[in-house]
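Below: one structure, written as structure tokens.
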Amino acid sequence: MKKLLSAFMLLGLILLLAACNGDASGTSSENSSGSDGGSAEGFTDKPINVIVSYAAGGGTDTGARILLPYVEEELGVDINVINKPGGGGWVGWTELANADPDGYTIGYINTPNLMTGYLDPKYNRDQSLDSFTPIANHVTDPGAIAIRPNDDRFSNVEELMEYAKENELTATSTGAGSDDHYASLKLNDKFGTKFKAVHNSGAADSRAAVLGGHVDVLFANVGELASLHKDGEVKIVAVMSKEKSPFLEDVPTLGESGYEDVFSWSARGLAAPAGIDEEKLEILRAAFEKGIKNEEQIEKMGEMGLQVEYLDGEDYDQLLKEDEDGVKALSDLMGW
């Protein structure tokens, strides 16, 4: 009996010492479990959802579906595209901002549309750039102006602009305060044209509206129109960038056509909700850097007219702040 009691006492002492050592070293089961949700241990071990705040078939959606298989290879898990169109992008961006910052929900953010949604006072949104943590920029896509090839009112940008000075023309937009919307407003302001925006949920709807004869002029991005232009379905009459697009060598810039100092573009990159663990963020940034810099991915993007411009998290953050300043400068045109 005494021997049995001594054995129990010895076992208790061993267990007590083990528990104390665990506490002292910070490796107890409680501390190592990652119960606060912030630990990067085991990340990534399940699929990642990427929110695209526009309908399937647009430039952002197309670019995402080209890129993400390469990022999957780096992370070793499936990545799902979740389309959340509406509200000029803010259906998806609201969901992204409110998501658990665990690294498993990230999304594309588009400028200048993103900034419009929280700078426009009528929306009274609580979100800002601080609601998101930049991962990397993927694409910088210049604006383009296109018409129906069989439109007998105008056949080039000069004829279009002169006609629009005398006649109201409807023009597509992917939402109030989108880059497409700003483009037509800036032309109206500088050259006295009479473009009237018709807002759609995405570039695919905009294309359908023009091709169906319901809207006069197609304002979109090069990546959304290049293949249609080459196939003869639409005619791009001008690119709204400082230099010609490498994908549209036959198309002049607005400046070359005599309409200077009006530019338009959309920067598209990846972001996580604010508050993501730094280790998880670095894992995502490293994977997206490799994916975006992959030469095969860049070639495929080029075939779709999408211009890859990788920026790391810090540089991308700076770009977002500059684009925010650009939207603030347009507040008078928007009536804010």
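Points worth noting:
- Matching residues, the range 74-101, being touching a residue at least 40 places away in the same chain (Cβ under 8 Å) and open to solvent by 30 Å² or more (accessible area, probe 1.4 Å): 74, 85, 87, 95, 98, 100, 101
- When residue 108 is tested against the conditions (1) out of contact with any Asp or Glu (no Cβ under 6 Å at 6 or more places or on another chain); (2) of a type outside the set (A, V, I, L, M, F, W, C); (3) surrounded by 22 or more Cβ atoms within 10 Å (Cβ to Cβ); (4) over 30 Å from residue 42 (Cα atoms), the lone failure is (4).
- Taken over the range 287-323, the residue count meeting the criterion of being within 29 Å of residue 236 (Cβ to Cβ) and either among the aliphatic types (A, V, I, L, M) or modelled with pLDDT under 95 (or both) is 15.
- Apart from one condition, residue 333 fits all of (1) closer than 20 Å to residue 72 by Cα; (2) open to solvent by 40 Å² or more (accessible area, probe 1.4 Å); (3) touching a Phe, Trp or Tyr at 6+ places or on another chain (Cβ under 8 Å); the exception is (1).
- Taking the range 251-279 as the range and being open to solvent by 10 Å² or more (accessible area, probe 1.4 Å), over 23 Å from residue 179 (Cβ atoms) and not β-branched (Val, Ile, Thr) as the test, the residues that pass are 274, 275, 277, 278, 279.
- Residue in the range 217-229 that is over 25 Å from residue 314 (Cα atoms) and without any contact (Cβ under 8 Å) to a residue 60 or more places away in the chain present: no
- Residue match in the range 30-53 (condition: open to solvent by 30 Å² or more (accessible area, probe 1.4 Å), under 30 Å from residue 224 (Cα atoms) and at pLDDT 90 or above): yes
- In the set (1) at pLDDT 95 or above; (2) over 23 Å from residue 203 (Cβ atoms); (3) crowded, with 19+ Cβ neighbours inside 10 Å, the condition left unmet by residue 236 is number (2).
- If you filter the range 280-290 down to residues that are buried (at least 17 other Cβ atoms within 10 Å of the Cβ) and basic (Lys, Arg), you find that the one that is farthest from residue 72 (Cα to Cα) is 280.
- Flag if residue 310 is open to solvent by less than 10 Å² (accessible area, probe 1.4 Å) and among the aromatic types (Phe, Trp, Tyr): no
- The range 189-204 - residue that is surrounded by 15 or more Cβ atoms within 10 Å (Cβ to Cβ) and either touching a residue at least 60 places away in the same chain (Cβ under 8 Å) or within 19 Å of the chain's Cα centre (by Cα) (or both) and, of those, farthest from residue 178 (Cα to Cα): 191
- Count of the range 126-177 residues, restricted to those that are touching a residue at least 60 places away in the same chain (Cβ under 8 Å), under 30 Å from residue 279 (Cα atoms) and buried (at least 18 other Cβ atoms within 10 Å of the Cβ), is 11.
The values are calculated or read from the model by the stated rules, or taken from the named source; none is laboratory data. Values in this document were obtained by computation on a predicted structure and should not be read as measured data. Every residue, glycine as well, gets a Cβ built from its backbone with ideal geometry; the counts of neighbours run over all protein chains shown. Calculation scope for accessible area: heavy atoms of the full protein, side chains included, ligands and nucleic acids excluded. Shrake-Rupley method; radii C 1.70, N 1.55, O 1.52, S 1.80 Å.
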